[in-house]
1. When the helix-only estimate is applied to the chain (DSSP H runs of n ≥ 4, each -39,500 (n - 2.57), divided by the residue count), what is the mean residue ellipticity at 222 nm, nearest 500 deg cm²/dmol?
2. Step through the residues of the stretch 205-212 one at a time and calculate ³J(HN,Hα) from phi using the Karplus curve (6.51 cos²θ - 1.76 cosθ + 1.60, θ = phi - 60°), rounding each to whole Hz and writing x for Gly and Pro.
3. Using a Förster distance of 25 Å, how high is the FRET efficiency between I117 and R52, based on the Cβ-Cβ distance and rounded to 0.05?
4. Of the residues I39, I24, I113, which exhibits the maximal mean-square fluctuation in a Gaussian network model of the chain defined by a 10 Å Cα contact cut-off?
5. Using only Cα atoms, find the angle between the long axis of helix 227-238 and the longest principal axis of the chain, and express it within 0 to 90 degrees, rounded to the nearest 10.
6. Can you work out the Karplus-derived ³J(HN,Hα) for every residue in the stretch 8-14? Use 6.51 cos²θ - 1.76 cosθ + 1.60 with θ = phi - 60°, whole Hz, and x for glycine or proline.
7. Under a Cβ-only charge scheme (Lys and Arg +1, Asp and Glu -1), can you give me the dipole magnitude of the chain about the Cα centre, in debye to the nearest 20?
8. Rounded to the nearest 0.05, what FRET efficiency do N157 and S128 have when you use their Cβ-Cβ distance and R0 = 25 Å?
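Every read-out reported here was derived from the displayed coordinates using simple, explicitly stated rules and does not represent laboratory data. Source: prediction; values computed, not measured. A quick note on method: Cβ atoms are made from the backbone with ideal geometry, for glycine too, and the neighbour counts reach across all protein chains shown.
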Amino acid sequence: MPEYYPVYLNLAGKRCVILGGGTIAQGKLAALRDAGASITVISPQSTDGIKRASQRGDLTLLPREYRTGDLAGAFLAVAATNVWHVNRQIYEEAEARGVLLNVVDDPDQCTFIAPSIVRRDPVTLAVSTGGASPALARKIRETLTEAPALKWADLANALGRARRVIKEQRAVIDPTRWQCVITEDLLALAQAGRDDEAVDIILSQLQDATIPEMCGDLTRCQPGGCAKRAALRAAEAVS
């Protein structure tokens, strides 16, 4: 079994082709649509959900069998025809054109596999067993969905805003210092909808070298971490 390289793809505006119109093909639509892909479904028969999506303008539906050349201009494709020799033809065209391809339930013909997704916006976790067991990936996803650690995702927007400010200022901050500012108190502000206050605190702690519990050098943290980071680790250990 191959060793896969995990990656998140930017599909905004890119042509993505789904070959097949059954429930598995329909299940691929939401993630592709949310990613901004330009979706084409090719199948002589399709589910009511695919037909409704076509009527809404969410995708282009071509009600026919696959033909060689259907992957022209495609960035990514999914073969879900449930017919081995047709999937093989799709695989050969994808290889020839350099199109990323997922062949459902056939990892040997895939150039990528779709992971199981855990989402707490804007954070996304992808879980994969390398094709060994989709059921196990789903079980792990369901477990992670309720994991307490996902609460930290609620800080993403405030941290992202602060990061943009730091980049605009061209300031040099030790990456470890970012870890030090991530605390329960900061999380509570974000969860209360007080992102502006959270951003102000983040920027202050990142840029103020005189805070007693933080390292004095903004560009290089002390070996072993600062007092605040040690306290954070202790809090995580008991949570």
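1. So the helix-based figure for the chain works out to -12500 deg cm²/dmol.
2. With coefficients 6.51, -1.76 and 1.60, one gets 6, 6, 10, 9, 7, 9, 5, x Hz.
3. For I117 and R52, the calculated efficiency is 0.65.
4. I24
5. 50
6. With coefficients 6.51, -1.76 and 1.60, one gets 10, 9, 8, 9, 4, x, 8 Hz.
7. On the way: 28 positive and 28 negative charges, 86 e Å.
The calculation lands at about 420 debye.
8. Efficiency, from the Cβ-Cβ distance: 0.40.
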